[in-house]
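The values are calculated or read from the model by the stated rules, or taken from the named source; none is laboratory data. All of these numbers come straight from a predicted model, not from anything done at the bench. Using ideal geometry, Cβ is built from the backbone for each residue, glycine included, and neighbour counts are taken over all protein chains shown.
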Amino acid sequence: MAIAHFQPELALEVLLSAVMAAHGEATLRVDAVFQLVLAGGPEMVLSVDCTCVPAEIRRGPHDGAELTLVLHRDRLLPLLSGELDVERACDTGELEVTGDPEVLSRLATLWSTRRGTDALSLMIERRREEAL
């Protein structure tokens, strides 16, 4: 059996999609497009459109993005799960932000809710079950 080549970009895209989908219509409260730039390896840019449900996630920059977040890829999971507080990450330099502070505030509120953590926990549990 051939082993498929691991594609970290695809894995991160799927993870972000699952977390945003777990928030359902609450993503509409963000009401903006933001970009997530992942550093710490080959740079990757994901654009997230939170003006629709489910949020649309695409690879590459978005010309109309109102907010850009730059984060080391090792800190993405803690950020999406709510373990890494957005404000604290900004203060410590773990997260670089440019753009509209109101969009950042709405996004931070969204990610601080339990739904994202539940989605991640469910995905991890499913992977563990599949591995058994």
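The table for this structure:
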| item | result |
| --- | --- |
| Looking only at the stretch 53-77, and only at residues there that are touching a helix residue (DSSP H, G or I) at 6+ places or on another chain (Cβ under 8 Å) and either of a type in the set (Asp, Glu) or loosely packed, with under 14 Cβ neighbours inside 10 Å (or both), the one that is modelled with the highest pLDDT | Glu66 |
| Filter pass, Val33 being crowded, with 19+ Cβ neighbours inside 10 Å and out of contact with any helix residue (DSSP H, G or I) (no Cβ under 6 Å at 6 or more places or on another chain) | yes |
| Leu80 out of contact with any strand residue (DSSP E or B) (no Cβ under 7 Å at 6 or more places or on another chain), surrounded by 18 or more Cβ atoms within 10 Å (Cβ to Cβ) and part of a loop (DSSP other than H, G, I, E, B) | no |
| Output for the stretch 38-51, where each listed residue is under 11 Å from Leu67 (Cβ atoms) and among the aliphatic types (A, V, I, L, M) | Val48 |
| Verdict on Leu15 being on the phi < 0 side of the Ramachandran plot, modelled with pLDDT of 85 or more and either of a type in the set (A, V, I, L, M) or buried (at least 17 other Cβ atoms within 10 Å of the Cβ) (or both) | no |
| Counted residues, the stretch 41-77 - those being part of a helix (DSSP H, G or I) and either under 18 Å from Ala18 (Cβ atoms) or touching a strand residue (DSSP E or B) at 6+ places or on another chain (Cβ under 6 Å) (or both) | 4 |
